[in-house]
Amino acid sequence: MESLYKLRNANAHFRHLSVTHDVTKIERSEIQKKVEEAKQKESEEMGEFIWRVRDVPGSLKLLRYLLPFPSNHNLSFIHIFTTR
């Protein structure tokens, strides 16, 4: 996993590879449960945070991230001023 950055400079044939951790069926079901839990928490809050599952399989954590703009924020009220 440490040398995956080398795929960016590889031939076009290898650039679109996706590499993930090797997980068992039990770990896969654990990941699915955590993702569902994150989706449930995200739908309950409906605010300025999103929930994501992070870390390696076997020690998964639910983390809450602050959104740059809240989902209920009306972007039409944001004015951008430029200097000339």
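The values are calculated or read from the model by the stated rules, or taken from the named source; none is laboratory data. From a predicted model like this one, the values you see are computed outputs, not experimental measurements. Using ideal geometry, Cβ is built from the backbone for each residue, glycine included, and neighbour counts are taken over all protein chains shown.
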Of everything in segment 38-60, what is touching a Lys or Arg at 6+ places or on another chain (Cβ under 7 Å) and farther than 15 Å from residue 20 by Cα? Give them in sequence order.
38, 49, 51
Answer with yes or no whether residue 42 is part of a helix (DSSP H, G or I) and modelled with pLDDT of 90 or more.
no
Assess whether residue 23 counts as being surrounded by 12 or more Cβ atoms within 10 Å (Cβ to Cβ), on the phi < 0 side of the Ramachandran plot and part of a loop (DSSP other than H, G, I, E, B).
yes
Determine the pairs where a residue that is more than 22 Å from residue 4 (Cα to Cα), located within segment 18-32, has a partner that is modelled with pLDDT under 85 with Cβ atoms under 6 Å apart, the partner being 6 or more residues away or on another chain.
27/57
Would you call residue 39 under 25 Å from residue 65 (Cβ atoms), under 14 Å from the mean Cα position of the chain (by Cα) and surrounded by 11 or more Cβ atoms within 10 Å (Cβ to Cβ)?
yes
Could you run through segment 42-67 and say how many residues are free of Cβ contacts under 8 Å to residues at least 12 places away in the same chain, loosely packed, with under 14 Cβ neighbours inside 10 Å and over 30 Å from residue 3 (Cβ atoms)?
3
